[in-house]
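Have a look at the structure below before the remarks.
The values are calculated or read from the model by the stated rules, or taken from the named source; none is laboratory data. Keep in mind the model is a prediction, meaning the values are calculated, not measured. Cβ coordinates were reconstructed from backbone atoms using ideal geometry, including for glycine residues, and neighbour counts include every protein chain displayed. When the accessible area is computed, the model is the full protein with side chains, heavy atoms only, and any ligands, DNA or RNA have been set aside. Shrake-Rupley method; radii C 1.70, N 1.55, O 1.52, S 1.80 Å.
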Amino acid sequence: MQYSVVIREDLWERAGVTEDPATWEEFQEQLQKVKDANPEIDYAMSDRWTDSITLGSLLSVMATNYDTIAGWGYANTFYDEDAGEYVFTGATEEYKEVVTYAAGLVAAGLLDPEVTQSDDQAIQKFISGRSATISGNTQALAEYRTKFADAGAGEVPIRLISIPGGPAGSKLPSGRFTSGLLISSKAAEQPYFKALLQFVDWLYYSDEGMEFAQWGVEGETFTRDADGTRVLDEDIAWSSINVGAPKLLNADYGYSNGVFCLANGSSKDLVFSMMTDEIADWTQRQLDGKEQIPTAPAPLLDEIELEQTSLLQTQLTDAVQAATAGFITGQRSIEDDWDAYVTEVEGLGSSQLLETINTALERARSESE
């Protein structure tokens, strides 16, 4: 799934906005036009996925093009390519820029200040026309369309906008894999160990195995048309394909699930084959128009360092997230309180954390030479 922002095209077109914003600054300008042209709405944007981390999806999507990490993607340490070392994320100027931008949306009355509301509340505002914009992804499009239909609104035009650029350019997050496979050491003692390795090799690393894990069995869950394109059976749904069908490819058949199917490293053809034309087009535009940032080097901490940093990580993350929420909602002043906040995280061990992380990084570099 790829994340961005979903808009109600009818409300945006009423404001004369028909093009995706090139930058987040332009996005704010468009939100203002939408609010002005649709006085009946409460906010131009009311966001979901906020009850656990403030604006978790929105900040995460924004942060890459501000050269930082935030929201769901937040981590206390961020690798500074120019300096060649990790810095404390929540105290950087780049992180401050992201927070300042979001706070500006709230202060301007464009973004709903209910940044800890439930998904149901945010979605209801979007479906009922009280907001014109909400965070979403390629799978949420189907969810929203179904809810519009269930509410008797018919086919309301919505779409996922291209990810806007920012001060750091127009980029995509790094490509570190999100899943992998571990085999217990006890498996080596079993008489079927060779067969197990052969099965794993086939299922996760062969074209046939990955297709099986993703699509199922040809003739049972899918067919091929004249040019060889895979076509899911009409009575089976998956993500945005065949929405509303009575059976689910993952829940009812066991294919295309996060455990059985580790297709993150599979071919582009297989990944795109499970997308609708709309989603494939959106994804290709992101790949064509944006640069993927490099994967940061991994500092390999030893057991003692892991134990030391785990305690620091928790308290620092909690402090940063609480302050972020306060700054965005206006409960704390960025102008007056930012320096005091940085001092607070210093007192909680941000420098100590950085020293440990960067020491481990240098050790890993030395060992690899």
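Looking only at residues of the range 53-100 that are out of contact with any helix residue (DSSP H, G or I) (no Cβ under 9 Å at 6 or more places or on another chain) and within 19 Å of Q313 (Cβ to Cβ), we find that the one that is modelled with the highest pLDDT is T92. W12 satisfies every condition listed in (1) over 22 Å from the mean Cα position of the chain (by Cα); (2) of a type outside the set (V, I, T); (3) closer than 23 Å to Y341 by Cβ except (3).
Let's see how each residue does on (1) within 20 Å of E97 (Cβ to Cβ); (2) outside any loop (DSSP other than H, G, I, E, B); (3) of a type in the set (V, I, T):
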residue: I279; (1), (2), (3): no, yes, yes
residue: R285; (1), (2), (3): no, yes, no
residue: A298; (1), (2), (3): no, no, no
residue: L311; (1), (2), (3): no, yes, no
residue: A319; (1), (2), (3): yes, yes, no
residue: Q331; (1), (2), (3): yes, no, no
residue: D337; (1), (2), (3): yes, yes, no
residue: A360; (1), (2), (3): no, yes, no
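In the condition set (1) under 20 Å from the mean Cα position of the chain (by Cα); (2) closer than 15 Å to E25 by Cα; (3) open to solvent by 30 Å² or more (accessible area, probe 1.4 Å); (4) of a type outside the set (F, W, Y), A108 is compliant with all but (1).
When the range 321-347 is filtered for residues that are among the hydrophobic types (A, V, I, L, M, F, W, C) and open to solvent by 60 Å² or more (accessible area, probe 1.4 Å), only A322 remains. Of the residues making up the range 238-263, those that are open to solvent by less than 60 Å² (accessible area, probe 1.4 Å), over 16 Å from I279 (Cβ atoms) and modelled with pLDDT under 85 are N257, F260, C261, L262. Here V106 fulfils each of the conditions (1) outside any strand (DSSP E or B); (2) over 24 Å from Q331 (Cα atoms) apart from (2).
Out of F193, F222, I need the residue that is within 28 Å of Y3 (Cα to Cα), over 28 Å from the mean Cα position of the chain (by Cα) and surrounded by 11 or more Cβ atoms within 10 Å (Cβ to Cβ). Which one? So the residue among F193, F222 that is within 28 Å of Y3 (Cα to Cα), over 28 Å from the mean Cα position of the chain (by Cα) and surrounded by 11 or more Cβ atoms within 10 Å (Cβ to Cβ) is F222. Taken over the range 47-96, residues that are part of a loop (DSSP other than H, G, I, E, B) and crowded, with 19+ Cβ neighbours inside 10 Å amount to 13.
Checked against (1) assigned to a loop (DSSP other than H, G, I, E, B); (2) open to solvent by 60 Å² or more (accessible area, probe 1.4 Å), M275 passes all but condition (2).
One line per residue, one yes/no per condition, for (1) at negative phi; (2) in contact with a Leu (Cβ under 7 Å, 6 or more places away or on another chain); (3) surrounded by 15 or more Cβ atoms within 10 Å (Cβ to Cβ); (4) in contact (Cβ under 8 Å) with a residue 40 or more places away in the chain:
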{"position": "D112", "(1), (2), (3), (4)": "yes, no, yes, yes"}
{"position": "S118", "(1), (2), (3), (4)": "yes, no, no, yes"}
{"position": "A122", "(1), (2), (3), (4)": "yes, no, yes, yes"}
{"position": "I127", "(1), (2), (3), (4)": "yes, no, yes, no"}
{"position": "I134", "(1), (2), (3), (4)": "yes, no, yes, yes"}
{"position": "A140", "(1), (2), (3), (4)": "yes, no, yes, yes"}
{"position": "R145", "(1), (2), (3), (4)": "yes, no, yes, yes"}
{"position": "G152", "(1), (2), (3), (4)": "no, no, no, no"}
